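The values are calculated or read from the model by the stated rules, or taken from the named source; none is laboratory data. Everything numeric here is computed off the predicted structure, so don't read it as measured data. Note: ideal-geometry Cβ built from the backbone for every residue, glycine included; neighbour counts use all protein chains shown. Note: areas computed on protein heavy atoms with side chains; ligands, DNA, RNA excluded. Shrake-Rupley method; radii C 1.70, N 1.55, O 1.52, S 1.80 Å.
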Amino acid sequence: RHARAAAFVHATSLKYGLSSSDLRQLGGSELPRVPDFFALDHDWAGKGEITLRRTQARLVLRLFSDVPLAVENFTRLCRGKEKDPKMTYRGCKFHRVVPGFIAQTGDFIFGNGTGGESVFTGRKFKDEKRGLQRKHDRIGVLSMGNSGKNSNTSQWFLTLAPAPHLDGKHVVFGELVSGFDCLAEIAAAAQPEGGEPAVPMHVTECGDWRPGQDPGAGFWFDVPDPESFAGSTPVFMAFVRVGLVAPSPAVRDRFIAELQACQVVDGGADAAHAAATLLASHAVDVVLVAPACAGSVASEGAATPDTIVAKPVDAMAALRAWAASKSAGGPAGDLGWPTCSWDALNNLGATN
């Protein structure tokens, strides 16, 4: 639906007097009027619905090195460099999303949960003790799907809530670090009876995530391209993931009003420690610190180039300056990530 909106703007910008044929460049009073233009356009209205909402669409996962078989299998399938071209998670759909339970994918054979192959000559591999000892005790636990003891192949799932009845039966080999809002979108598409989500969801791209080089959050934007066979070319639009240290709810709310979205951490020494932990775990890209909390951040040793002290009114300017410093002299907002487009002005995002 978002791709259809982009194509509509690209084709009709002159007709409706829009300032740009690129949906990403529209703002102010123009963007809210696009749905009305679409609904009244007899050439486009019958093509389906559109949406202007951009959904965060990246999951960043941390893998546990003491579960080597599951980690090697998952990593190699993410990289997609096996001799058999089908051996990859790229394009794999989420075939099972159960409300309040799990979101499962990894069946690149049949796409319905009945298939799967490991990188170990396609065979099932054994359960690993350390993985069985870990708990399914929170949202975002990464675990192997199986059909019984020692039957791991390529299917995996993320928990949508604590699932203690899975403990000791499924190998836990990682956890979600960033993209909880993306996981929430997947969960929201679950149907009451489980099974396939109401909206088809696939792994668009996958591979190694490099901290400081690859964006940790963002969404896929289909740029209209008449010369492309599909009619569009996907480009990854990055979000800045912002952590926040504020001394009070009132100051926190002022930051949120300026940024529209950010990860909120309450003020004080504990918050400064939490902010440092978020940066160390790569859950956020940058932490904004209210001046009243600067002392506690310094005392915790959490002051880094990615920790910015700023008042709420100066938050956007501070983030632009930070983005410019990351680009090593490039234009503000360009972090030099080769696989994506970066827009620090319009694409501020959050990790929840």
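Check the stretch 161-177 and report whether any residue there is within 23 Å of the chain's Cα centre (by Cα), free of Cβ contacts under 8 Å to residues at least 40 places away in the same chain and under 14 Å from PHE94 (Cβ atoms).
no
Based on what the data block shows, is SER154 of a type in the set (Gly, Ala, Ser), open to solvent by less than 30 Å² (accessible area, probe 1.4 Å), part of a strand (DSSP E or B) and out of contact with any Lys or Arg (no Cβ under 7 Å at 6 or more places or on another chain)?
Here the answer is no, as SER154 does not meet what is asked.
So, in the stretch 211-248, how many residues would count as being loosely packed, with under 15 Cβ neighbours inside 10 Å and of a type in the set (Lys, Arg)?
Within the stretch 211-248, residues that are loosely packed, with under 15 Cβ neighbours inside 10 Å and of a type in the set (Lys, Arg) number 0.
Would you check if there is a residue in the stretch 21-44 being among the hydroxyl-bearing types (Ser, Thr, Tyr), under 30 Å from ALA283 (Cβ atoms) and more than 20 Å from the chain's Cα centre (by Cα)?
Looking through the stretch 21-44, none of the residues is among the hydroxyl-bearing types (Ser, Thr, Tyr), under 30 Å from ALA283 (Cβ atoms) and more than 20 Å from the chain's Cα centre (by Cα).
Test ILE102 against the stated conditions and say whether it is closer than 19 Å to LEU183 by Cβ, buried (at least 20 other Cβ atoms within 10 Å of the Cβ) and not hydroxyl-bearing (Ser, Thr, Tyr).
It is true that ILE102 is closer than 19 Å to LEU183 by Cβ, buried (at least 20 other Cβ atoms within 10 Å of the Cβ) and not hydroxyl-bearing (Ser, Thr, Tyr).
Which condition number does ALA230 fail, the rest of (1) in contact (Cβ under 8 Å) with a residue 12 or more places away in the chain; (2) among the small types (Gly, Ala, Ser); (3) closer than 28 Å to ARG1 by Cα being met?
So the condition that ALA230 fails would be (1).
So ARG54 ticks every box in (1) open to solvent by 30 Å² or more (accessible area, probe 1.4 Å); (2) over 30 Å from ALA188 (Cα atoms); (3) charged (D, E, K, R) but one. Which box is left unticked?
All conditions are met except number (2).
Return a yes/no flag: does the stretch 23-31 have any residue that is more than 30 Å from ASN150 (Cβ to Cβ), touching a residue at least 60 places away in the same chain (Cβ under 8 Å) and not hydrophobic (A, V, I, L, M, F, W, C).
yes
State whether the residues of the stretch 169-184 include one that is surrounded by fewer than 16 Cβ atoms within 10 Å (Cβ to Cβ) and at pLDDT below 95.
Yes: one or more hits.
List every residue pair whose Cβ atoms lie under 8 Å apart, where the two residues are 6 or more positions apart in sequence or sit on different chains, the first residue falls within the stretch 72-85 and is on the phi > 0 side of the Ramachandran plot, and the second residue, located anywhere, is open to solvent by less than 60 Å² (accessible area, probe 1.4 Å) and not in a helix (DSSP H, G or I).
Note: pairs meeting the criteria are GLY80/MET87; GLY80/THR88; GLY80/TYR89; GLY80/CYS206; GLY80/GLY207.
In the stretch 118-149, what count of residues is obtained for those that are open to solvent by less than 70 Å² (accessible area, probe 1.4 Å) and of a type outside the set (Phe, Trp, Tyr)?
Within the stretch 118-149, residues that are open to solvent by less than 70 Å² (accessible area, probe 1.4 Å) and of a type outside the set (Phe, Trp, Tyr) number 17.
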